[in-house]
Amino acid sequence: MPDETDTRIQTETRTQPRPPAHDPSLREDASRAAGYATAGSDTQPSVWVARLVMAGIVLAALNLRPAITSLGALLEEVRVGLHMSGSVAGLLTSVPTLCFAVFGIAAPRLARRFGPGAVVCAGMAAIATGLAVRPFADATPAFLAASALALMGIAVSNVLMPVIVKRYFPDRIGSMTGLYSMALALGTSLAAAVTVPMTQALGGSWRAGLGIWAVLAAAAVLPWLGLVRDRTPGAGSRYGSEGARRADEAADGPAAAPRVIRSRTAWALAGFFGLQATGAYITMGWMPQIFRDAGVSAGTAGLLLAVTMAMGVPLASVIPRLAARMRNQGPIVVVLALCGLTGYLGLFLAPAAGAWAWVLLLGVANCAFPLALTMIGMRARTGAGVVRLSAFAQSVGYLISIPGPTLVGALYQHSGGWGLPLALMAGLTLPQMAVGVLAGRDRTVEDEC
């Protein structure tokens, strides 16, 4: 016999009309549907689920960049060890964005098929496996393949983090995005700072220095194992999976799952995401080399990169909260871009003498990433809209960012210096500022589709 409450909810869901796309109540309904109920609440996750998800978000975020920044700190050693040219090394720094674009687009479909918790769990397992296998590669193709496996896991997790925040914490998007971004910045800076010292402590082999990060990735799998069975939009609700599914469908109807390709805001957000990613991955892949070429030691160069990434720890908490309270995020976009321009100019004029000032400024500029994530959550009314917007903005954005690191590597090799690469990096901040201001306007993709 079906539960009486469940039957009532299903009947009401079938018979009640769906509100129009412009109805402001859609935002409230979507938040209610996205929430995970306790026995006495329809809008909040149970305490243990909330804690498990928060632990999963933090551990996942800690693992979304060490595969990249640990390689940046040892890029020269890896390049020599695997006999890479400068152009091939530049291609290596572009692999992350290529994988994020190609595999990130599949994340929504995988999440619908298996549930977001299961997909992120598999993503963490892929990261751990790729990082464990990569040090054993004896040739560039094998090294790239192992790196790609880890980056596949990062790609799907990148796309699904805003979705998970929206589903489990619909009324705390700013604070939870800040927590996620802080953990991501911490993992990024930690890998940049300690990879070289750990490599030296482990005998000086770059293989050991890269492989040790597989341990942290393996730990990140554990909390997501408890969420693997979460396969329906309202799983965990006291109404049961079928009732919750219908409740979600009522709130997230066809109007709530827009064709974001028609939205100018979605395209602007994709451009902003892509250009900030270009700058971030050029920084992570090449900044240590810029300083080493200026006479800075390998250990200090890695520490400077770590400082750049560490700036995201405090600012990732402040910027999403501030952005969530503003109707228009354009002013924040402009400030971050100006910091980036100043930092690149400083690297050109006095890379070693003013190193600490330039890395601080570029660290502030790199906080365009948590700002972009926050805007993804704000530019759609519903969970369904956020899923599509997140996949579109991140996948298209990463496609946009693919040529950047490779082009920097080619310019560096053929010009023999950093003048042209830095000019390119500075020039890209101008269109980033323009599309960021457009993406920051107070509107949603549902309004434009």
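In table form, for the structure just shown:
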read-out	value
Tally of residues being of a type in the set (Val, Ile, Thr) and open to solvent by less than 30 Å² (accessible area, probe 1.4 Å) across region 261-275	1
Matching residues, region 355-378, being farther than 17 Å from residue 440 by Cβ and open to solvent by less than 10 Å² (accessible area, probe 1.4 Å)	355, 359, 362, 363
Filtered residue count, region 423-437, keeping only those that are surrounded by fewer than 17 Cβ atoms within 10 Å (Cβ to Cβ) and touching a residue at least 12 places away in the same chain (Cβ under 8 Å)	4
Residue 171 vs. criteria in contact (Cβ under 8 Å) with a residue 60 or more places away in the chain, charged (D, E, K, R), surrounded by fewer than 23 Cβ atoms within 10 Å (Cβ to Cβ) and not in a helix (DSSP H, G or I)	yes
Residue within region 137-145 that is over 19 Å from residue 395 (Cα atoms), at pLDDT 85 or above, within 13 Å of the chain's Cα centre (by Cα) and open to solvent by 10 Å² or more (accessible area, probe 1.4 Å) present	no
Yes/no for residue 191 being farther than 26 Å from residue 391 by Cα and open to solvent by less than 30 Å² (accessible area, probe 1.4 Å)	yes
Test: residue in region 238-258 that is out of contact with any Asp or Glu (no Cβ under 8 Å at 6 or more places or on another chain), in a helix (DSSP H, G or I), open to solvent by less than 10 Å² (accessible area, probe 1.4 Å) and at pLDDT 90 or above	no
Test: residue 267 is among the hydrophobic types (A, V, I, L, M, F, W, C), assigned to a helix (DSSP H, G or I) and modelled with pLDDT of 90 or more	yes
Condition met for residue 197 (of a type outside the set (A, V, I, L, M, F, W, C), open to solvent by 40 Å² or more (accessible area, probe 1.4 Å) and part of a helix (DSSP H, G or I))	yes
Selected residue (only one of 102, 88 is out of contact with any Lys or Arg (no Cβ under 9 Å at 6 or more places or on another chain) and open to solvent by 50 Å² or more (accessible area, probe 1.4 Å))	102
Any hit, region 97-104, residues being within 20 Å of residue 407 (Cα to Cα) and of a type in the set (Phe, Trp, Tyr)	yes
Evaluation of residue 184 against (1) closer than 24 Å to residue 95 by Cα; (2) at pLDDT below 80; (3) not hydroxyl-bearing (Ser, Thr, Tyr) (one fails), failing number	(2)
Leading residue by the ranking (surrounded by the most Cβ atoms within 10 Å (Cβ to Cβ)) among those in region 379-422 that are assigned to a helix (DSSP H, G or I) and free of Cβ contacts under 8 Å to residues at least 24 places away in the same chain	411
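Rundown of residues vs (1) assigned to a helix (DSSP H, G or I); (2) in contact (Cβ under 8 Å) with a residue 60 or more places away in the chain; (3) within 18 Å of residue 66 (Cβ to Cβ); (4) over 17 Å from the mean Cα position of the chain (by Cα), yes/no style:
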| position | (1), (2), (3), (4) |
| --- | --- |
| 120 | yes, yes, yes, no |
| 125 | yes, yes, yes, yes |
| 131 | yes, yes, yes, yes |
| 148 | yes, no, yes, no |
| 156 | yes, no, yes, no |
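Residues checked against (1) closer than 30 Å to residue 192 by Cα; (2) at pLDDT below 85; (3) in a helix (DSSP H, G or I):
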{"position": "48", "(1), (2), (3)": "no, yes, yes"}
{"position": "64", "(1), (2), (3)": "yes, no, no"}
{"position": "84", "(1), (2), (3)": "yes, yes, no"}
{"position": "96", "(1), (2), (3)": "yes, yes, yes"}
{"position": "101", "(1), (2), (3)": "yes, yes, yes"}
{"position": "108", "(1), (2), (3)": "no, yes, yes"}
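The values are calculated or read from the model by the stated rules, or taken from the named source; none is laboratory data. For clarity, every value in this text was computed on a predicted model and none was experimentally measured. Cβ: placed from backbone, ideal geometry, glycine included. Neighbour counts: every protein chain shown. Accessible surface is based on the protein model in full, side chains and every heavy atom, while ligands, DNA and RNA are left aside. Shrake-Rupley method; radii C 1.70, N 1.55, O 1.52, S 1.80 Å.
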